[in-house]
1. Points 7 angstrom from Cα along the Cβ direction at Ser168 and Asn26: gap in nanometres?
2. Using each residue's phi in segment 130-135, evaluate 6.51 cos²θ - 1.76 cosθ + 1.60 at θ = phi - 60° and report the 3J(HN,Hα) Karplus result to the nearest Hz, with x for Gly and Pro.
3. In nm, to one decimal, how far is the Lys157 label point from the Ile132 one, both placed 7 Å along Cα→Cβ?
4. Tell me, what is the FRET efficiency for Arg180 and Glu18 to the nearest 0.05, using R0 = 30 angstrom and their Cβ-Cβ distance as r?
5. Which of Thr54, Thr93 has the fewest other C-beta atoms within 10 Å, and how do the rest follow up to the most?
6. What are the ³J(HN,Hα) values, in whole Hz, obtained from phi via the Karplus relation 6.51 cos²θ - 1.76 cosθ + 1.60 with θ = phi - 60°, for each residue of segment 90-99 in sequence order, with x given for Gly and Pro?
7. Starting with the fewest neighbours, write out Thr174, Thr74 ranked by other beta-carbon atoms found within 10 Å of each beta-carbon.
8. Taking K and R as +1 and D and E as -1, what net charge do the other residues with C-beta under 14 Å from the C-beta of Met64 add up to?
Amino acid sequence: MLDSGKTVSRQEMEAEWELIQAAQKNPARFGPLYNKYYVQIFRFVLNRCGDEETAGDIVSHVFMKAMKKLGGYTFQGVPFSAWLYRIASNEVTQHFRNAKKKRTVTMEDHHVNALIDEAEIDDFQDKQALMIRLLDGLKEDDLQLIEMRFFEQRPFKEISEILGITESNAKVKTYRIIERMKKKLKK
């Protein structure tokens, strides 16, 4: 998983940009980028599909697509990983569309509790079951936002880059989803 909350230094960004430019000139030099991000992207995909073999297949598609499209990549002031996560997110969505299955959401108790606190949910005995019910009713795009923010602890800036939306739009959408979840509880 990406080091959420970790600030990437200017030197790290410049060094990464040099790696990208080298790979753009010679695809054989893509290896360092692959090695740097493979585990993060694999975990991201595995958390969404729940099966290592499927995750491995999807991740291979992610890196093949990234390598093919690397020539069109331009530096946007954020880590290269945001671009890879966007490709991975699209590949996972496409996989589940093709398979006509629902995707997996991996929740840890402390992340569920953070979401429950944010949604101001009180007086429920089985909060995990409640959260599963609420998340199950979300659209895929909404689920992805909640998952990235609360279960993966990603900052809004990173979420915005992955999803290709503005940071303020990511915030607004996230809190609107939480408000809709609250309303469902009151019914």
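1. Using points 7 Å along Cα→Cβ, the separation is 4.6 nm.
2. Each residue of segment 130-135 in turn: 4, 5, 4, 4, 5, 5 Hz.
3. Result for the modelled spin labels: 3.7 nm.
4. Details: r = 44 Å, r/R0 = 1.48.
The pair Arg180/Glu18 has a calculated efficiency of 0.10.
5. Working: Thr54 18, Thr93 15.
With the sparsest Cβ surroundings first, the list reads Thr93, Thr54.
6. Using θ = phi - 60°, the values come out as 5, 5, 5, 4, 5, 4, 6, 5, 5, 7 Hz.
7. Working: Thr174 19, Thr74 7.
With the sparsest Cβ surroundings first, the list reads Thr74, Thr174.
8. Numbers: positive: Lys65, Lys68, Lys69; negative: Asp57, Glu91.
Its environment carries a net charge of +1.
Every number here is computed from the coordinates shown, using simple stated rules; none is lab data. None of the values given here were measured: they were computed from a predicted structure. Positions of Cβ are backbone-derived with ideal geometry, glycine not excepted, and every protein chain shown enters the neighbour counts.
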